[in-house]
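What follows is calculated from the coordinates using simple rules that are stated; it is not laboratory data. What you see is a predicted model; the values in this text were computed from it and never measured. Positions of Cβ are generated from backbone atoms using ideal geometry, with glycine treated the same way; all protein chains shown enter the neighbour counts.
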Protein chains: 2
Amino acid sequence: MLKEYDQLMKRLEKVMAFQTALTLFEWDSETLAPLESMELTSKTIGVLSNEYFTNLINDDVKKLISALSEKKKWNELEFNQKAIIKNIKKTYEEMEHIPPEEYRAYKELTAKAPGIWTKAKNKKSFEDFKACLDEIIQYQKKFAGYRANYTSKHPNTEQKDVNSVLPYDVLLNDFEEGFNIQILDEFFQKIKETVIPLLKEVTKKKDTIDKAYNHEFYDIEKQKEFCNYICSYVGFDFNRGVVAESAHPFTTNLHNRDVRITTHYYEKNLESAIFSIIHESGHGIYEMHIDDSITQTPVGGGTSMGMHEAQSRFFENVIGRSESFWVPLYPKLEAIFPNQLKDISLDQFIKGINKATPNLIRTEADELTYPLHIMIRYEIEKMIFAGEVDTNDLPKIWNQKYEEYMEIAPQHDGEGILQDIHWAGGDFGYFPSYAIGSAIAAQIYYHMSSIMPIDKYLSDGNLTPVREYLINHIHKYGATKNTNEILMDMMQEELNVDYYILYLTEKYTKLYDLA
Amino acid sequence: MLKEYDQLMKRLEKVMAFQTALTLFEWDSETLAPLESMELTSKTIGVLSNEYFTNLINDDVKKLISALSEKKKWNELEFNQKAIIKNIKKTYEEMEHIPPEEYRAYKELTAKAPGIWTKAKNKKSFEDFKACLDEIIQYQKKFAGYRANYTSKHPNTEQKDVNSVLPYDVLLNDFEEGFNIQILDEFFQKIKETVIPLLKEVTKKKDTIDKAYNHEFYDIEKQKEFCNYICSYVGFDFNRGVVAESAHPFTTNLHNRDVRITTHYYEKNLESAIFSIIHESGHGIYEMHIDDSITQTPVGGGTSMGMHEAQSRFFENVIGRSESFWVPLYPKLEAIFPNQLKDISLDQFIKGINKATPNLIRTEADELTYPLHIMIRYEIEKMIFAGEVDTNDLPKIWNQKYEEYMEIAPQHDGEGILQDIHWAGGDFGYFPSYAIGSAIAAQIYYHMSSIMPIDKYLSDGNLTPVREYLINHIHKYGATKNTNEILMDMMQEELNVDYYILYLTEKYTKLYDLA
């Protein structure tokens, strides 16, 4: 073993410990911490973030990275070791241009912000969140600006057109390596051209699907019972994971043996918690199967937000909303809610869970309208980082776009611009991952269908071969390969949005019996 | 402000942040973390403990402490500042003789141990915990030995008889400043002389109190409803605290605005959860009212385990099991459980919750037998640290002592030596605090009764004046004063076990109508 590698790993052990502690604080603040705690707790988070930062970004680390990057030493490293160093190098380059005191202040801000956002959302008042959001935006612009400026001056092979690096390009690349505004403009253009006309056709036939049953009264304790069952059924292991509740469902993990997901129950909405939990289980299963050799290292997590969303959406939508999936499960659901579901056949249930309706809330959206929600956020984020919009005007612009693309309008900020927690955490550039994820999920599905009888496995209640395939071709690698590398090794093709377009078109044409 | 003080505070901010993170991991591991998580999580805990240690124990801190201890500078410091430095100095002296790598290995061990203990307890098998416990004991002996050796060689004013400093004395003094084997031998001798004969008298009349009602079926959701109510009723503030569940109820806190308590519900035991939650609320109320000026500093917690237990026992036993306390509450409890309690008068209920019966489980013990449970643990710990016992023999000795003092014998290790989590956390010397706490609670009660109409306040459902008195004379000071200083300032008398003896004698003579 190279001594520089050993030294770097010793440092990284500390860095990873601070990151794990920060993850636990974040989990805790979103699931449990008392209302008045965050002001004082954010001081602790500030110290830990600063330790994270200063232990990662310093001359020692820089020297070790550059020593290990020398050809002779590089060639002595194993595959996982190279991946770790590449990853650190990327993180290092992301962070080294941000002054530590600004980073710390920003971390304290984004530790407090979700609390402020929650209160504002409950009050349905953007006014109460505006100043906080504006401060986050200013930091993000500044940070992305430092980095865009650096990248433009120091071209590297990963950035194709270095003269035009924009702050928002930098953020997009953070969430999905190699992606930028140009690629995503094309991606969303194709979606817009397909989904908007398809949605118009579907809307004409909206009365052919009745899902009134979904809004009967469903006892929450019984919902929990079914959700825990389905969570195990799809493969979430309760010995290395936990399920809790939070306002906005999410997944996090400390390592591959401590994976945590949340959901949110509604008495008058059966689907919401079920599909949330299948979705988060998809994320959780990914993290649980990262290989033991890389957990607790910088490459010991999912490779990107897009690939993560591909796993969650594959479970939630591609298989989770298919008829074969529900063949063995629907009788169980009916047994738990016999009165509410007594006149609903499996066929009606499948139509119900796939019904497409323009809707204000992203997390409750069907598969067809979902990418439109993402497109709206993408367009707004692009405007923010191009300096084309004042924070004050965000609710107005938000509402206009919903009107334009889906012909619906929020009645208040709680069901409009305040619905998502992401911006309160500073996660700009994150939303597109959801659409990328859906596209990858569709692409994986067509590939897997060509090599195994997925539908038969599902209707037999045998998810093992499906899950094993994902584990062996995606999950176990963690972030040692990026999204396109994983897809290439798996199916000899990079991300291709056409599969997604095909998937949506086929699915909704059949479901609504369109010409 | 002195520049050395500023520098010290900057260091302490880091040290406190690591401590807070460690507290959160501990809370998490006992309430939520998945079964298989601890092996990997303990690595993170190891790093954080090491950071805590090395940031506290180093030459810079040593120099700053000694500079600030010089007379001229010392006199410039304010009361709280002096308290902080005294406290650091004590912690420093406690820790500086322990090699960092041993401390870190020990912390990793005690992070894993509660998981091993839980499994062993569930299997009722001391065999499964023995090796782990033995390793913890060896570390504790070694650490206490380093410090006893140092203290003997470097006498200071706080240690009265430096030639005879024993390892167990060192541990006792950690939990209650100024206490040692000699003082506690006398303390327990008085208890033994009073309680054992009193218990014999009570046992003769055991059939005069029937509490069969307590073991009817009590729905857990309804118990939770009442427990949350009573928790608020005694003054626990849910805006700055949370209640969860764990195997063994406990209290912890991140600062004065994030205080966490747990309880444990049993379907066939009404009292257990209720008195657990009152007990933990007592701890929680103490931590919630530490003054804002000292929270997140080394003196920002309760002053000692004994004083902490005094608060919890004052709420749980001294007022919580009194008739006046239940005058306004019992009708509420009856309304929630009308069938189970329909033939039980308030008088019968009060007799029931105070019934004294030799019992194997400490946490379920009545007030009279409670100190005997503690005495047994005290005697065993004393033997361990005097090297008079082999870890293999602990269950046998445990069982013999229960036979001798209470004439009962555990049927398995789960209800014997494995019942408490403390040793799994390395907390030797902690148990005596419970008895010291009971004694302080009784002493406080006699004092407060002489200056305010406590019984009237309780039966009026007005706990505010009682709580305010505790806040203003005890809680707000945190650890700026030690136990005896607090008692002296409050009632011009140090801890005196005679009040406790008087309290138990009066209470049980009346309850059982003894001669």
Original post:
Among A:479-488, B:327-336, what's the highest-first ranking by average C-beta atoms within 10 angstrom per residue?
Top reply: A:479-488, B:327-336
Subject >> Using alpha-carbon coordinates, inclination of helix B:79-95 to the longest axis of chain B, degrees >> reply: 80 degrees
Subject >> Overall form of the range B:446-515 per C-alpha gyration tensor (a/c, 1.5; a/b vs b/c) >> reply: oblate
**OP:** Please give the net charge around A:LEU109, taking every other residue with its beta carbon less than 13 angstrom from that of A:LEU109, where Lys and Arg add +1 and Asp and Glu add -1.
**Re:** -1
Original post:
Between copies, how close do the B:LYS73 label points come, placed 7 Å along Cα→Cβ, listed in nm from shortest?
Top reply: 4.1
Original post:
Which aspartates and glutamates, on any chain, are close to B:LYS200 with Cα under 19 Å apart, when same-chain ones fewer than 8 places away are left out?
Top reply: B:ASP210, B:ASP366, B:GLU367, B:GLU403, B:GLU404, B:GLU407, B:GLU506, B:ASP513
Original post:
Going by the alpha-carbon gyration tensor, a ≥ b ≥ c the square roots of its eigenvalues, is the range A:341-425 rounded (a/c under 1.5) or, if a/c is not under 1.5, prolate (a/b greater than b/c) versus oblate?
Top reply: prolate
Subject >> Unit charges on C-beta of K, R, D, E only; dipole of chain B, Debye >> reply: 560 debye
Original post:
Near the amide H of A:ALA244, under 5 Å away, which other amide H atoms are found, from residues 5 or more places off or on another chain, if H is placed in the peptide plane?
Top reply: A:ILE261, A:THR262, A:THR263
**OP:** Run the quick spin-label model on B:SER459 and B:LYS192: label points 7 Å from Cα toward the beta carbon, then report their separation in nm to one decimal.
**Re:** 4.1 nm
**OP:** Evaluate Rg over Rh across the range B:387-515, taking Cα atoms for both radii and Kirkwood's formula for Rh.
**Re:** 1.07
Original post:
Simple spin-label model, 7 Å along Cα-to-Cβ: B:GLU94 to A:MET9 in nm?
Top reply: 3.5 nm
**OP:** Just grab the label-to-label distance for A:ASN228 and A:LYS124, each label 7 Å out from Cα along the Cβ direction, in nm (one decimal).
**Re:** 3.5 nm
Original post:
According to the square roots a ≥ b ≥ c of the eigenvalues of the Cα gyration tensor, what is the shape class of the range A:4-57, taking rounded for a/c under 1.5, prolate for a/b larger than b/c otherwise, and oblate for the remainder?
Top reply: prolate
Original post:
What is the fewest-to-most order of A:LEU368, A:LEU172, A:LEU360 by other Cβ atoms lying within 10 Å of their Cβ?
Top reply: A:LEU360, A:LEU368, A:LEU172
Original post:
DSSP beta bridges in the protein assembly as shown, what fraction antiparallel, as a percent rounded to 5?
Top reply: 50 percent
Subject >> Kirkwood hydrodynamic radius of the range B:1-153, from inverse mean 1/r over distinct Cα pairs, in Å >> reply: 17.5 Å
**OP:** Take the Cα atoms of the range B:110-268, find their three principal axes, and give me the spread along each one in whole Å, biggest first.
**Re:** 59, 44, 40
Subject >> Note, ³J(HN,Hα) from phi for the range B:96-104, Karplus 6.51, -1.76, 1.60, rounded to Hz, x at Gly and Pro >> reply: 5, 8, 9, x, x, 5, 6, 4, 5
Original post:
So what are the three principal axis dimensions of the range A:207-302 from its Cα atoms, in whole Å, longest to shortest?
Top reply: 51, 29, 24
**OP:** Have a look at A:ILE274, A:CYS132, A:GLY178 and report the one farthest towards the positive end of the charge dipole of chain A, computed about the Cα centre with Cβ charges (Lys/Arg +1, Asp/Glu -1).
**Re:** A:GLY178
Subject >> Helix A:127-153 axis, angle to chain A major axis (alpha carbon atoms, nearest 10°) >> reply: 50 degrees
Original post:
In chain B, what residue has the beta-carbon at the shortest distance from the axis of the rotation relating B to A, and what is that distance in angstrom, rounded to the whole number?
Top reply: B:ALA21, 2
Subject >> Rg in Å to one decimal, and Dmax rounded to a whole Å, for the range B:475-515 via C-alpha atoms >> reply: 14.9, 45
Original post:
Over 31 Å between Cα atoms, which of A:LYS476/B:LYS123; B:LYS121/B:LYS481; B:LYS351/B:LYS476; A:LYS476/B:LYS130; A:LYS121/B:LYS224; B:LYS401/B:LYS510 qualify?
Top reply: A:LYS476/B:LYS123; B:LYS121/B:LYS481; B:LYS351/B:LYS476; A:LYS476/B:LYS130
**OP:** From zero up to wherever the largest Cα-Cα distance of the protein assembly as shown sits, split into 10 Å bins and tell me the percent of pairs in each.
**Re:** 2, 9, 18, 21, 19, 15, 10, 5, 1, 0
Subject >> Shortest-first nm distances, A:GLU39 label point to equivalent points in other copies (7 Å, Cα→Cβ) >> reply: 4.5
Subject >> Copy-to-copy label separations for B:ALA409, where each label sits 7 Å from Cα toward Cβ, in nm and ascending >> reply: 8.3
**OP:** Kindly provide the helix-only [θ] at 222 nm of the protein assembly as shown, computed as the sum of -39,500 (n - 2.57) over DSSP H runs of four or more divided by all residues, to the nearest 500 deg cm²/dmol?
**Re:** -20500 deg cm²/dmol
**OP:** Please report the orientation-averaged projected area of chain B, defined via the convex hull of its C-alpha atoms, in nm².
**Re:** 23.4 nm²
Original post:
Treating the beta-carbon of each Lys and Arg as +1 and of each Asp and Glu as -1, no other charges, what is the dipole magnitude of the range A:1-160 about its Cα centre, to the nearest 20 debye?
Top reply: 540 debye
Original post:
Counting DSSP beta bridges with both partners in chain B, what percentage is antiparallel, nearest 5?
Top reply: 50 percent
